[in-house]
Amino acid sequence: MYLFRLALASLANRRFTALLTAFAIALSVCLLLAVERVRTEARASFASTISGTDLIVGARSGSVNLLLYSVFRIGNATNNIRWDSFEHFASNPKVKWAIPMSLGDSHRGYRVLGTSQAYFDHYQYGHQQNLQLAEGRPFATDPFEVVLGAEVAEALHYKLGDKLVLAHGVAVVSLVKHDDKPFTVVGILKRTGTPVDRTLHISLGGMEAIHIDWHDGVPAHGAGRISADQARNMDLTPQAITAFMLGLNSKVSTFALQREINEFRGEPMLAILPGVALQELWSLMGTAEKALFVVSLFVVLTGLIGMLTAILTSLNERRREMAILRSVGARPWHIASLLVLEALALALSGVVAGVGLLYLCIALAQGYVQSSYGLYLPLSWPSEYEWTLLGGILVAALLMGSVPAWRAYRQSLADGLSIRL
């Protein structure tokens, strides 16, 4: 114990250098733990983007591509699905509910989703959480009503009753707009931290209405134009949709229905399990995730090397101090132990300060990160894995501290009580 007190007194005597070294270690520890927290929560948030859905069905392509455009609103479908194919499987005895999805348009860079009331009733995210409205109501009988995701409403400053015009295609800047058929904002969803926040939701009838006077991807002109009032009185049943989601009565029938859809003779379709496709997609992103973690480990290593450099640099200046310690009865291994304890004290103070800095940063940025990026960073005790990382840092500090300790041990034996400078 007296050696530890002596180590603390020695560090106090060099307090400025010791504080800088401990601060460098604290920053590196904070970065390492922050990266680990973000990695863990990002994986959990990614996996909970959609829940409660047993199958996602789209035109035959790849499972990742289908997941990207149907759930994350990234990319486009290779083809559409006929409406009668959707009705065929929506009425299947194994199916409890079905959500049709029609994509292809946008508004100022945000994707538009055409769907039905079933979307608000059955779509779930996170841990079986249903969508909830912050304001207003879902779209009803009028095809020209829109429900905004939280991010869309906040970023574009929309409120209930505002009018907006959708654009054809998914470009941020579009030259072709459905300006003859404006939509009215009737609802704004609560924030979910998923792609729902970045989506405008309209009815399938609304999606059909804005394209009812389009032919081969080109709008009609002059007498061929159909007004919004005329469209309201027309049959707006869609001919095709982009994809649909299915919830089944029994999980046992999932694989049987998946095989039935994949072998459907009416048209080529693909049914995927969302959880499996999410894991496949995450594995593609795993390299960047691991690279970020490795970079943070190197930052910690840099902090520990800085500590080693500071102790080694002070060795020659402290040879007289060590000779005095020898004169009062200290043995060479006492001198070596003193330097090891100094390294441990610096690392331990850096780890404690780093954990404290992490919690301070989480407390300050928790709300912003959750609202902006959909990541919830909890103020919880370090996990078992994080304790392992912190323990590894202390062990590494002890190993690095043994280098100057060995040098001091050798110098102490060579110098004795006479110092050769």
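The values are calculated or read from the model by the stated rules, or taken from the named source; none is laboratory data. Small disclaimer: the values here were computed from a predicted structure and weren't measured. Note that each Cβ is placed from the backbone with ideal geometry, even for glycine, and that neighbours are counted across all protein chains shown.
Within the range 227-245, take every residue that is surrounded by 16 or more Cβ atoms within 10 Å (Cβ to Cβ) and over 27 Å from SER61 (Cα atoms) and give me the one that is modelled with the highest pLDDT.
The selected residue is LEU236.
Taking the conditions exactly as written (in contact with a Gly (Cβ under 6 Å, 6 or more places away or on another chain), surrounded by 15 or more Cβ atoms within 10 Å (Cβ to Cβ), in contact (Cβ under 8 Å) with a residue 12 or more places away in the chain and within 19 Å of GLY52 (Cβ to Cβ)), does LEU189 satisfy them or not?
yes
Between residues in the range 34-60 that are in contact (Cβ under 8 Å) with a residue 24 or more places away in the chain and residues that are surrounded by fewer than 17 Cβ atoms within 10 Å (Cβ to Cβ) and acidic (Asp, Glu), which pairs lie under 7 Å by C-beta distance while being six or more apart or on different chains?
Going by the 7 Å Cβ cut-off, the qualifying pairs are ARG39/GLU289.
Counting only residues that are of a type in the set (Phe, Trp, Tyr) and in the same structural domain as ILE56 (by TED's automatic domain parsing), give me the strands (runs of 3 or more DSSP E) lying completely in the range 110-209 with at least 2 of them.
none
Being polar (S, T, N, Q) and within 24 Å of the chain's Cα centre (by Cα) is the filter here, so list the residues in the range 98-154 that pass it.
Of everything in the range 98-154, those that are polar (S, T, N, Q) and within 24 Å of the chain's Cα centre (by Cα) turn out to be SER106, GLN124, GLN128, GLN129, ASN130, GLN132.
Does LEU315 qualify as being part of a helix (DSSP H, G or I), modelled with pLDDT of 85 or more, over 22 Å from VAL395 (Cβ atoms) and out of contact with any Ser or Thr (no Cβ under 7 Å at 6 or more places or on another chain)?
In short, no.
How many residues does the range 49-62 contain that are more than 11 Å from MET269 (Cα to Cα) and either modelled with pLDDT under 90 or part of a loop (DSSP other than H, G, I, E, B) (or both)?
Total meeting the criteria: 6.
Could you check, for the range 64-72, whether at least one of its residues is over 25 Å from GLN128 (Cβ atoms) and not in a strand (DSSP E or B)?
Checked against the condition, which is being over 25 Å from GLN128 (Cβ atoms) and not in a strand (DSSP E or B), the range 64-72 yields at least one hit.
List pairs: first residue in the range 291-309 and under 17 Å from LEU339 (Cα atoms), second residue of a type in the set (Gly, Ala, Ser) and in a helix (DSSP H, G or I) anywhere in the structure, Cβ distance under 7 angstrom, at least six positions apart or on different chains.
LEU304/ALA396; LEU304/ALA397; GLY306/ALA24; MET307/ALA343; MET307/ALA347; MET307/ALA397
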